[in-house]
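Notes follow once the structure below has been shown.
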Amino acid sequence: MDDFDDMWNIFQSVIETGDALPFGESFDREAFHQNWFASKPAYVATNELGVIGMYSMGANYPDLGAHISSATYLVRPDAQGKGVGRALVRHSLERARSEGFSAMQFNYVVSTNVAAVELYKSLGFFIAGTLPKAFKHKRLGLVDAYVMYCFL
């Protein structure tokens, strides 16, 4: 938990933009701690500046859905566009394979987050479904969210 403060700061900076994650300002430090660490392991990417990215990964659902993994990724804003997200996704795919998952599913990828959508597609994910107007984008209003899937 030595990295928790850095992780919390990254989380806050990402949700502040209101364009990528469904969490709002009411999602406080304790809720973040419970959501990020309660049932799934968390991983970080670091450099000389400290934590620059992170992800949490585990089973998408318990029991009959536990063979499918899911993950959530965050990259510090000043580290975005430098390959950190790609490294995190690749690492999570390797972990998921080594842990015996048969696929990875992202339940809620904001359609206007083009960088994330294109990154996931480049690593083998496809859009399995569209959730019309499911996300309240801070600037654009209601936009679609995607369910994305990749067989491992």
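For the range 19-60, rounded, prolate or oblate, judged on the Cα gyration tensor with a ≥ b ≥ c (square roots of eigenvalues), a/c < 1.5 rounded, else prolate if a/b > b/c?
In terms of gyration-tensor shape, oblate.
So what is the calculated 222 nm ellipticity per residue for the chain, using -39500 (n - 2.57) for each DSSP H run with n of 4 or more, over all residues, to the nearest 500 deg cm²/dmol?
For the chain, the value works out to -9500 deg cm²/dmol.
If you build a Gaussian network model of the chain, linking Cα atoms that sit under 10 Å apart, which residue out of Ser56, Ser92, Ser39 swings the most?
Looking only at Ser56, Ser92, Ser39, the largest GNM fluctuation is found for Ser39.
Which whole-number percent gives the relative contact order of the chain, counting Cα pairs below 8 Å spaced six or more residues apart?
It rounds to 20 percent for the chain.
Please report, largest first and rounded to whole Å, the three semi-axes of the ellipsoid equivalent to the chain, where each semi-axis is the square root of five times an eigenvalue of the C-alpha gyration tensor.
Values: eigenvalues 90, 80, 50 Å².
Sorted largest first and rounded, they come to 21, 20, 16 Å.
Give the aspartates and glutamates reachable from Lys40 as a straight Cα distance under 13 Å; neighbours fewer than 8 places away on the same chain don't count.
In chain and number order, the partners are Glu99.
Return the sequence-ordered ³J(HN,Hα) values of the range 62-71 in whole Hz as given by the Karplus equation 6.51 cos²θ - 1.76 cosθ + 1.60 applied to θ = phi - 60°, using x for Gly and Pro.
Taking θ as phi minus 60°, the curve returns x, 6, 6, x, 6, 7, 10, 8, 8, 8 Hz for the range 62-71.
Once you've got the GNM for the chain with C-alpha springs shorter than 10 Å, pick whichever of Asn47, Asn60, Asn113 has the biggest mean-square fluctuation.
Looking only at Asn47, Asn60, Asn113, the biggest GNM fluctuation is shown by Asn47.
State the three equivalent ellipsoid semi-axes of the range 78-152, derived from the C-alpha gyration tensor as the square roots of 5 times its eigenvalues, in descending order and whole Å. It would help to have the intermediate numbers written out before the result.
Details: eigenvalues 109, 53, 15 Å².
For the range 78-152, the semi-axes come out at 23, 16, 9 Å.
Counting only the backbone N, which residues of the range 93-126 are under 17 Å from the spot 7 Å out from the Cα of Ala87 toward its beta-carbon?
In the range 93-126, the label zone of Ala87 (backbone N under 17 Å from the point 7 Å along Cα→Cβ) covers 93-95.
May I ask you to list the trypsin sites (Lys or Arg not before Pro) in the range 3-103 that are in a DSSP loop and have at most 14 other Cβ atoms within 10 Å of their Cβ?
Filter output for the range 3-103: Lys82.
What lysines sit close enough to Lys82 to cross-link, taking a C-alpha to C-alpha distance under 19 Å and skipping anything fewer than 8 places away on the same chain?
List returned: Lys121.
Could you give the accessible area per residue of the chain, probe 1.4 Å, as a whole number in Å²?
Per-residue accessible area for the chain comes out at 55 Å².
Identify which of Ser69, Ser13, Ser98 has the largest mean-square fluctuation in a Gaussian network model of the chain, with springs joining Cα atoms closer than 10 Å.
Looking only at Ser69, Ser13, Ser98, the largest GNM fluctuation is found for Ser98.
What is the range 110-152's relative contact order, in percent, from Cα pairs under 8 angstrom and six or more apart in sequence?
43 percent
Over the range 15-152, what is the percentage of antiparallel beta bridges among all DSSP beta bridges, to the nearest 5? Spell out each step's value before the answer.
Numbers: 27 of 29 bridges.
Given both bridge residues lie in the range 15-152, the antiparallel proportion sits at roughly 95 percent.
The values are calculated or read from the model by the stated rules, or taken from the named source; none is laboratory data. All values derive from a computational prediction rather than experimental measurement. FYI the Cβ positions are ideal-geometry reconstructions off the backbone, even for glycines, and counts take in every protein chain you see. Just the protein is used for accessible areas: all its heavy atoms, side chains included, with ligands, DNA and RNA removed. Shrake-Rupley method; radii C 1.70, N 1.55, O 1.52, S 1.80 Å.
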